[in-house]
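Every number here is computed from the coordinates shown, using simple stated rules; none is lab data. Just so it is clear, the structure is predicted and the values come from calculations on it, not from any experiment. Please note: Cβ atoms are built from the backbone with ideal geometry, for glycine as well, and neighbour counts cover all protein chains shown.
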Amino acid sequence: MSPKEIENIDFEYLKVSEYQELKKALLLAYKEVPNLCWIKENLAKLVKTFAEGQVVIKINGDIVACALSIIVDYDSFSDNHTFKKITNNYTFSTHTDEGDVLYGLDVFVVPEYRGLRLGRRLYDFRKELCEKHNLKGIVLGGRIPNYRDYTDISSPKEYIEKVKRKEIEDYVLNFHISNDFHPSRILKVYFENENSSNQLAVLLKWDNIYYEKPTKKVETQKSVIRLGLIQWQMRQYKDIEALMQQAEYFVDAVSGYRCDFALFPEFFNAPLMAKYNHLSEPEAIRKLADYTDEIVNRFSDLAISYNINIITGSMPQVRDNALYNVGHLCRRDSTIESYEKMHVTPDEAKVWGLQGGNQLKAFDTDCGKIGVLICYDSEFPELSRLLADEGMDILFIPFLTDTQNGFSRVRHCAQARAIENECYVAIAGSVGNLPNVHNMDIQYAQSMVFTPCDFAFPSNGVKAETTPNTEMILVVDVDIDLLRELHQFGSVRNLKDRRKDIFELKKLIK
């Protein structure tokens, strides 16, 4: 039918009184398998059991498409089930409001009306039903009506692979694959007396990315996260009290905007080295390391009192007489974890004697999983990819760069990390100068938040940015749910489309 001949399209719940009209549409849709026609008694049971799951599309008042479904406790069935078993001999007593999966019993469109994307409307409704009832996803047994023509040349598995590669046209499989379903296995003798597919079906699954496992605990994790980036001005401080007074000022400021995270730059406490400027650079930075434990403890107190997670940038730390660049995540629940700079720059190794660390992990927080890479580490894509494999949603990069070209390396690599790992990346650096601290004379920075580049995000991948070389804060909201949609439905899917069959990335140190 031409769209010009359509006067109205109605989406309605199915009524048992419409059985004869539905049967007419069924016979048109299933000319090759007329035995699959639903009988009135079974349809009546289905509508009575779960009316919300039975919908039809009417064009000019006639039923032309239909979708039938129930909710089941899928763990009660194995993947290798039959249609008769999943419906308990067509009684539909397997439906339960406490179930976790929407099971698709049937979906069809009358041939004359195919091409109008009515099937997509039906599946969009099913997906919304999953989200409404917090179900894990949709499962169904999909017919492979063309398989009978290829039994001599292909096994069912080979048949599916050829359909995926577009070597074989199968409208049922193609439709479901295009609607984000993935074939799970072959079901043998799924439909009784159904010869067009040799009684075979493909178990098809769609995963609801918004599913949340029910819990009796108070749920505190958020989907919209507010980040507070501190673009720190390097200046002289009399002592640690003056430094922490300025740090608390910024924590207070971003907390006042109800931020969930405060991000400080790398070596933000470097001004405390001024009193040791008469010493050599290696000696001075080891003196700076004496302050680290006290600063971390005081940041932890601030995280609790201001109800904010604080990423402390980084500070020097001495362990077994070796010098490392270490930062800390001070959660608002009072817990503390540390992260290390893996790659030190040639200058840091030569002037200060810094050693590269070995600790890499994603951190669980009340706002999802995060990762932290210190400055130069952002230029090594393997590290952020390992964190992404652990489920990281936000990558924080505290940095310290003295020149604009050094900043550009961090800035552009950080943006690449956001695109390739489908995550948010927040970078924060220091500005100003420290004329009385050797090897820390000048700083250049512009703090920013990067996003993936897709329709739900800024087209240039930049969520927000500060004014360069000016002391200020940057407050930015990021939506984690948008990342979930990107992973599943993005224009490109960098994480999902990786060729793991030709390369492997793994962490050697646990």
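Just a few scattered comments:
- Taking label points 7 Å from Cα along the Cα-to-Cβ direction, Lys188 and Glu420 give a separation of 4.5 nm.
- Computed magnitude of the charge dipole of the range 225-489 (debye, nearest 20; Cβ of K, R +1, Cβ of D, E -1): 400
- Taken along its three principal axes, the alpha carbon spread of the chain comes to 94, 48, 47 Å, from the longest extent down to the shortest.
- The modelled label-to-label distance for the pair Thr91/Ile240, using points 7 Å beyond Cα in the direction of Cβ, is 7.3 nm.
- Here the range 6-207 is described by how far its Cα atoms reach on the three principal axes: 46, 41, 30 Å, from widest to narrowest.
- DSSP-assigned coil residues among chymotrypsin sites (Phe, Trp or Tyr not before Pro) in the range 436-502, each with at most 15 further Cβ atoms within 10 Å: Phe455
- Distance (nanometres) between label positions extended 7 Å along Cα→Cβ at Arg499 and Asp252: 5.7
- Per DSSP, loop trypsin sites (Lys or Arg not before Pro) in the range 64-119 with at most 12 further Cβ within 10 Å: Arg117
- At most 14 other Cβ within 10 Å, DSSP loop - GluC sites (Glu not before Pro), the range 442-510: Glu504
- Fraction of beta bridges assigned by DSSP in the range 290-430 that are antiparallel (%, nearest 5): 60
- Paramagnetic reach from Lys157 in the range 489-510 [backbone N under 18 Å; point 7 Å along Cα→Cβ]: 501
- Listed peptides 96-105, 228-237, 433-442 by packing density, highest first (mean Cβ within 10 Å): 228-237, 96-105, 433-442
- Computed about its Cα centre, the charge dipole of the chain is approximately 1060 debye, with only Lys, Arg, Asp and Glu carrying charge at their Cβ.
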